[in-house]
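Below is one structure, written out as structure tokens; comments come after it.
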Amino acid sequence: MPETAVENWTQISHLKEHVGEEVTLKGWLYNKRSKGKITFLQVRDGSGLVQAVAVKSELPDASWQAAESLTQESSCIVTGVVRADERAPSGVELTVTSVEVVDIPSEEYPISLKEHGTDFLMSHRHLWIRSRRPHAILKIRSTIEHAMHEFFEKREFIRFDTPILTPAACEGTTTLFETDYFGDPAFLAQSGQLYLEAGAMAFGNVYCFGPTFRAEKSKTRRHLMEFWMVEAEMAYADLWQNIQVQEDFVRHVVGRVLEKNRADLALLERDVAPLEKTVAQGFPRITYDEAVERLSSAGSDIKWGEDFGNDDEDILANQFETPFFVTHYPTAIKAFYMQPDPNRPEVALCADMLAPEGYGEIIGGSQRICDYDLFLERMQQHDLDPAAYGWYLDLRKYGSVPHSGFGLGIERAIRWICRLDHIRETIPFPRLLTRIYP
Ligand code: ATP
Ligand code: MG
């Protein structure tokens, strides 16, 4: 029995280890088919789905009645003998010896196994997550989160939790969620970065993982109002070391998904070839200059100095088979804390990682300005009040060192790894421009 399983019953995901034995499952009825004196129960328990065959002549009357009474999403306890079955997706089937009802829904379950509109499903998200597709996506999400922590732990990064209620902006003032902090304004964190930099000066290599909030006022398929970001910050690391860690990180995470979630990827009909290439190959690196040339050749009207629109990112992202980096964006369009290239100050020592197959940016990262005077100058150019950032300026006053870091939006990564059309499916309860329910 796996350490995680609760004793007295068996998880469907472990049935294969119990062929020939009698086991008890605790779960819910996913679907049912009756053929006179035989009933085929599809039972799910969160870990998997299995077919349990109930035969009237072989069951106590009460169990047969119980099997007959089950409706979609009735909770039930089913005991039976595990049989190997090549044809079954789970590889096994159960011959039922007893059925016990826990709860029968008093109303018909609202999500039938037929098609529903997205809005209906989103309004029933609390129930929809029991269905196979969202279930597969959210299992992949869990693998990704475990894999992230595993990567950083192996590399001896310190996990450093950053605050969610903050006194000032990190990523531009137009997307701030403001709240009242006992009479003073406070803002929900857009990123943990600034605090993580303090952590890097104290611990060397640090990372954080937490929810971040941005009031994105336009409707896109890649922006949420509340999303989870994993961020790392490394003292003494330069742009290229930063990029290497990101590449290793993404390859590790994708590798774990390929190890653990093959069946989920298959359910989503995800072609795994690009994921396998991602694990096997290094990621290409192009400069912003080269990206602008590629875009112009592909018909975009982008001019040097402009930020990429979603369409531009899509064009670029369709030209690669694995994630890739775009480095050295114009300093003017990037965040105030990014280090300008000393040889060419109009571009910054920064890089975004873009996902292939048209998915676009999943990581933003850079070397940070470490010179006090240059920092002050940049803050003035960005109309930021130095008084509000006194503590952050201190990091440039007391033993400042070159340092770099990055942030990966995990929903963006999931959207690409699962190849989903819209980011709303990557998180249990998405917060969208027009939706905060349920
Ligand atoms: P974009 O240009 O796509 O809005 P950004 O430049 O604002 O992204 P960063 O500030 O660099 O993004 O944030 C780091 C990462 O956080 C991004 O690479 C992306 O993966 C993720 N991210 C940013 N905004 C959102 C959002 N609204 N919803 C989901 N993920 C996001
Ligand atoms: Mg943005």
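Along the axis of the charge dipole computed for the chain (Cβ charges of +1 for Lys and Arg, -1 for Asp and Glu, origin at the Cα centre), the listed residues Leu393, Gly117, Ala291 are led at the positive end by Gly117.
Of Lys26/Lys260; Lys37/Lys139; Lys154/Lys277; Lys37/Lys260, which ones are farther than 29 Å apart at the Cα? Pairs exceeding 29 Å: Lys37/Lys139; Lys37/Lys260. Amide H contacts of Thr97 (H built 1.01 Å from N, in plane; Pro and chain starts excluded): Thr79, Gly80, Val81 sit under 5 Å, all sequence-distant by 5 or more or on other chains. The distance linking region 29-102 with region 331-389 is 59 Å (Cα centroid to Cα centroid, whole angstrom). Farthest towards the positive end of the charge dipole of the chain, among the residues Ile423, Gly282, Thr331, is the Cα of Ile423, using unit charges on the Cβ of Lys, Arg, Asp and Glu.
Computed from backbone phi with θ = phi - 60° and the Karplus coefficients 6.51, -1.76 and 1.60, the 3J(HN,Hα) list for region 370-381 is 10, 8, 4, 5, 4, 4, 4, 4, 5, 5, 5, 4 Hz; x is used for glycine and proline. Per-residue Karplus couplings for region 189-199, computed as 6.51 cos²θ - 1.76 cosθ + 1.60 with θ equal to phi - 60°, are listed in order as 4, 8, 5, x, 3, 4, 5, 5, 5, 4, x Hz, Gly and Pro entered as x. The angle between the Cα long axis of helix 132-154 and the main principal axis of the chain comes to about 50°, on a 0 to 90 degree scale.
In loop segments of region 30-107 as defined by DSSP, the GluC sites (Glu not before Pro) with at most 11 further C-beta atoms inside 10 Å of their C-beta are Glu86, Glu107. Counting neighbouring Cβ atoms within 10 Å and putting the fewest first, the residues Arg221, Arg87, Arg396, Arg130 line up as Arg87, Arg221, Arg130, Arg396. Around the amide H of Met338, modelled in the peptide plane, lie the amide H atoms of Ile369, all under 5 Å away and 5 or more residues distant in sequence or on another chain. Excluding the site residues themselves, the longest part of the chain lacking any chymotrypsin sites (Phe, Trp or Tyr not before Pro) in a DSSP loop with at most 14 other Cβ atoms within 10 Å is 1-176.
Evaluated with a Cβ-only charge set (Lys, Arg +1; Asp, Glu -1), the chain carries a dipole of roughly 1200 debye about its Cα centre, given to the nearest 20. Taking other Cβ atoms within 10 Å as a rough exposure proxy, Cys350, Cys208 sort from fewest to most as Cys208, Cys350. Coupling constants for region 282-293 follow from the phi torsions by the Karplus curve (6.51 cos²θ - 1.76 cosθ + 1.60, θ = phi - 60°), and in residue order they are x, 8, x, 10, 10, 8, 4, 4, 5, 4, 5, 4 Hz; glycine and proline get x.
Between amide H atoms placed 1.01 Å from N, distances below 5 Å from Arg285 occur with Phe325, all of them 5 or more places distant or on a separate chain.
Where a number appears in this text, it was derived from the coordinates with a stated rule and is not lab data. No experiment lies behind these values; they were computed from the predicted model shown. Cβ coordinates were reconstructed from backbone atoms using ideal geometry, including for glycine residues, and neighbour counts include every protein chain displayed.
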